[in-house]
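I have placed the structure first, in the form of structure tokens, so that the comments after it can refer back to it.
Values in this text are rule-based calculations from the coordinates and carry no lab data. All values reported here derive from a predicted model rather than from experimental measurement. Ideal geometry is used to build each Cβ from the backbone, glycine not excepted, and the neighbour counts take in all protein chains shown.
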Amino acid sequence: MRTFVDKHIHRGLRTKLVVDLRTKGIKDQAILNAFLSIPRHYFLDEAFFQWAYKDAAFPIEVGQTISQPYTVAMQTTLLEVEAGDKILEIGTGSGFQACILSFLGAKVYTIERQKVLFEKTYKLLRQIGFTKIRTLFGDGFKGAQKFAPFDKIIITCGAMEIPTSLFSQLKDGGIMVVPAGSGDNKKMYKITKQGDELIKEEHGVYRFVPMLQGVNS
Ligand code: SAH
């Protein structure tokens, strides 16, 4: 079994990554601190540890990716995470984004549709001490009704259109952050639910692996 070690060299690389994120406009100290604290190399195969600290997406299992650090930081910023928030993530992938949210004090529920990834990440999160994150296997389009309503919903795969059915699982005053659009470049939406109204803001353009229907067992 892999042993997880966090060495001086990793911490040095993390410091550089955080400087890079700050230069690119990420100012929230709690978020930067999460990036400084969580060993991102745990989420990639050992041979690729150098890649863990570049501001780039990187391939993981079954054709999926670990999101680019800047994208994770940006989505986390838009989510306005507060300690105690109940957050639903769609697209567990490597588990890194879920750990950032958990580190910030959120109660995290995360759904993955790829069985291989779900099983791998479920084990990883326990091995590295993120035991409070609830990992679910399923189709994120259905959300997690059993645990709803959520304060926040974050979607970390690219949707063709905003998955409006999920708003029923979001609290009044809650925020959804979702990359959506018909092309390869998705617009990043921050949507606040206010009663029957949805207040929509756009925050730049990003690339994501697609949000797909159903599960792959
Ligand atoms: N948050 C992840 C990003 C992984 S990439 C990280 O930090 O690494 C996006 C993930 O979304 C992929 O693993 C993909 O399988 C998953 N995904 C795509 N459509 C989905 C759906 N409908 N429900 C749940 N997960 C989905």
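Listed by chain and number, the lysines whose C-alpha is less than 20 Å from the C-alpha of K200, apart from same-chain residues fewer than 8 away, are K152, K171, K186, K187, K190. Calculate the length of the line joining the C-alpha centroid of region 78-136 to that of region 193-214, in whole Å. Cα centres, region 78-136 to region 193-214: 19 Å. Could you compute the net charge surrounding I133? Neighbours are other residues with a C-beta less than 10 Å from the C-beta of I133; K and R count +1, D and E count -1. Within the 10 Å Cβ shell, the charges total +3. For the chain, the equivalent ellipsoid derived from the Cα gyration tensor has semi-axes of 26, 19, 17 Å, listed largest first. Near E202, once Lys and Arg are set to +1 and Asp and Glu to -1 for all other residues with Cβ below 10 Å from its Cβ, the sum equals +2.
For the chain, a crude dipole built from +1 on the beta carbon of Lys and Arg and -1 on the beta carbon of Asp and Glu, taken about the Cα centre, is about 580 debye to the nearest 20. The DSSP beta bridges internal to the chain are antiparallel in roughly 45% of cases. Mean separation of Cα pairs under 8 Å and 6 or more residues apart, divided by the residue count, gives the chain a relative contact order of 15 percent. What the Cβ-Cβ distance of V5 and Q145 gives, at R0 = 45 Å and to the nearest 0.05, is a FRET efficiency of 0.70. Starting from the Cα of D45, step 7 Å toward the Cβ, then list every residue of region 73-100 with an amide N under 20 Å from that point. Only 93-96 fall inside the zone, counting backbone N under 20 Å.
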